[in-house]
Amino acid sequence: MASETHYVRPDVQALLSMLEAAGRPALADMTLAEARQGYLALHAMADAPARELAVIRDLACPGPAGDIPVRLYDKRDSREPSPVIMFFHGGGFVIGDLESHHSLCTEIAHQMDLPLVAVDYRRAPEHKFPAAIEDCEAAARWVATSPDALGRTATGLVTIGDSAGGNAAIVVAQLLGANPAEVTVVLQVPIFPLASDALGSKSLEKFAEGFILTKVAVEFFDACYAPDRSDPRAMPILGNHADTPPTVLVTASLDPIRDSGRDYGAALAQAGIDHVFLEMRGVTHSFTNLRKAVPGAQQDLERVLGAMKLMLERAA
């Protein structure tokens, strides 16, 4: 059960109690296929229905190990040149795919009224670090060229993702800052990201069990992904923050990797980067994909999207 010493929002507590009663097996006790299917099943059960959009189209772009599947979302059949949102899904770089975050992507594309490209990067343990990052970077560079297959002209990129995808959102922005693409990253939006090493952090111990993401799961993902902790592509807290684009940084107060996001926020503040820091109080990791089971999470997401609109207006 969630500890009484931490504030847990009532709608969040209802979901946590239901999951505890269901007695789900620990991630480390599942096969890889079971873990991936369980992640899809949780989102199918807990997330809001997908929005209907004018365009939902599966495409592919060239990558370092072959074509990378991507999915284009847009509420308009056609549009004038605009920023394009690059979405990188969560799941520890191990579970998750285009389907696990489909509903969330439709919501972002609908509310932001911008084209969104979701990236189906290679996953661990079949493809360890840095394969996922290499794919995410390649897809971002492809979108920056405004390829004919996309049917949209990008005036800039917005990198966004949750959890592992939040890590990718930061890393891709750093890589394109160091080696520019055809258009710049105009905004980055890491949502409960892994930005610094979570292992050994206070939040990992404080919220080790009972809050959706567990310490055991974090350790499992880490073992599968096998990141090089000295490489900024794995730990972007080590990267150059001076050229960071405007940022909307989101954490959850009951998240085992919360302190990793807080560390990154402190680094941005120290570097004088224009950013909005939102810590959602009383909610867990993955709240953006729990909007049916946790009704207040829709408003939480809309706060994030509102901050994105504000920052894009300021950049313009």
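No lab work stands behind these numbers, since they all come straight from the coordinates. The structure displayed is predicted, hence computed values, not measured ones. Glycine gets a Cβ as well: all are built from the backbone with ideal geometry, and neighbour counts include every protein chain shown.
Within segment 48-60, take every residue that is in contact with a Ser or Thr (Cβ under 7 Å, 6 or more places away or on another chain) and hydrophobic (A, V, I, L, M, F, W, C) and give me the one that is surrounded by the fewest Cβ atoms within 10 Å (Cβ to Cβ). Before the answer, list the steps.
At the first step, the residues of segment 48-60 found to be in contact with a Ser or Thr (Cβ under 7 Å, 6 or more places away or on another chain) are 48-51, 53.
Still in the running and hydrophobic (A, V, I, L, M, F, W, C): 48, 50, 53.
Working: ALA48: 18, ALA50: 15, LEU53: 19.
Among them, the one singled out is ALA50.
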Flag if ASP162 is charged (D, E, K, R), closer than 24 Å to PHE277 by Cα and surrounded by 19 or more Cβ atoms within 10 Å (Cβ to Cβ): yes
Enumeration of residues in segment 278-316 that are buried (at least 20 other Cβ atoms within 10 Å of the Cβ) and part of a strand (DSSP E or B): MET280
Long-range neighbours under 9 Å by Cβ, at least six apart or interchain, first residue closer than 15 Å to ALA217 by Cβ within segment 7-30, second hydroxyl-bearing (Ser, Thr, Tyr) and loosely packed, with under 13 Cβ neighbours inside 10 Å: none
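Restricting attention to segment 132-171, which residues are among the polar types (S, T, N, Q) and under 18 Å from the mean Cα position of the chain (by Cα)? Full working, then the answer.
Taking segment 132-171 and keeping what is among the polar types (S, T, N, Q), we get 145-146, 153, 155, 159, 163, 167.
Those that are among the polar types (S, T, N, Q) and under 18 Å from the mean Cα position of the chain (by Cα): THR159, SER163, ASN167.
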Filtered residue count, segment 106-131, keeping only those that are assigned to a helix (DSSP H, G or I) and under 15 Å from the mean Cα position of the chain (by Cα): 4
Options PHE88, PHE93: the member that is out of contact with any His (no Cβ under 7 Å at 6 or more places or on another chain), of a type in the set (Phe, Trp, Tyr) and over 28 Å from LYS309 (Cβ atoms): PHE93
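Table: residues versus (1) aliphatic (A, V, I, L, M); (2) under 19 Å from the mean Cα position of the chain (by Cα); (3) surrounded by 21 or more Cβ atoms within 10 Å (Cβ to Cβ); (4) part of a helix (DSSP H, G or I).
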| position | (1), (2), (3), (4) |
| --- | --- |
| ALA223 | yes, no, no, yes |
| PRO232 | no, yes, no, no |
| ASP243 | no, no, no, no |
| ASP255 | no, yes, yes, no |
| GLY261 | no, yes, yes, yes |
| GLY265 | no, yes, yes, yes |
| GLN270 | no, no, no, yes |
| ILE273 | yes, no, no, no |
| VAL276 | yes, yes, no, no |
Failed condition for GLY161, given (1) without any contact (Cβ under 8 Å) to a residue 60 or more places away in the chain; (2) assigned to a strand (DSSP E or B): (1)
Leading residue by the ranking (surrounded by the fewest Cβ atoms within 10 Å (Cβ to Cβ)) among those in segment 188-215 that are within 20 Å of the chain's Cα centre (by Cα) and not in a loop (DSSP other than H, G, I, E, B): LYS215
Residues within segment 150-179 that are farther than 27 Å from GLY92 by Cα and in contact with a Phe, Trp or Tyr (Cβ under 9 Å, 6 or more places away or on another chain), tallied: 1
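State whether the residues of segment 61-74 include one that is within 23 Å of ASP135 (Cα to Cα), of a type in the set (Asp, Glu) and exposed (fewer than 14 other Cβ atoms within 10 Å of the Cβ). Quick ask: steps written out before the conclusion?
The first filter runs over segment 61-74 and keeps only residues within 23 Å of ASP135 (Cα to Cα), leaving 61-74.
Narrowing further to those that are of a type in the set (Asp, Glu): 67, 74.
Going one step further and asking which of them are exposed (fewer than 14 other Cβ atoms within 10 Å of the Cβ), we end up with 67.
So far as segment 61-74 goes, yes, one or more of its residues are within 23 Å of ASP135 (Cα to Cα), of a type in the set (Asp, Glu) and exposed (fewer than 14 other Cβ atoms within 10 Å of the Cβ).
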Within segment 120-153, tally of residues that are of a type outside the set (D, E, K, R), more than 18 Å from SER196 (Cβ to Cβ) and touching a helix residue (DSSP H, G or I) at 6+ places or on another chain (Cβ under 6 Å): 5
Contacts under 9 angstrom Cβ, first residue in segment 231-253 being closer than 18 Å to ALA269 by Cα, partner among the polar types (S, T, N, Q) and part of a loop (DSSP other than H, G, I, E, B), 6 or more apart: MET235/SER196; PRO236/SER196; ILE237/SER196; LEU238/SER196; LEU238/SER230; PRO245/THR184
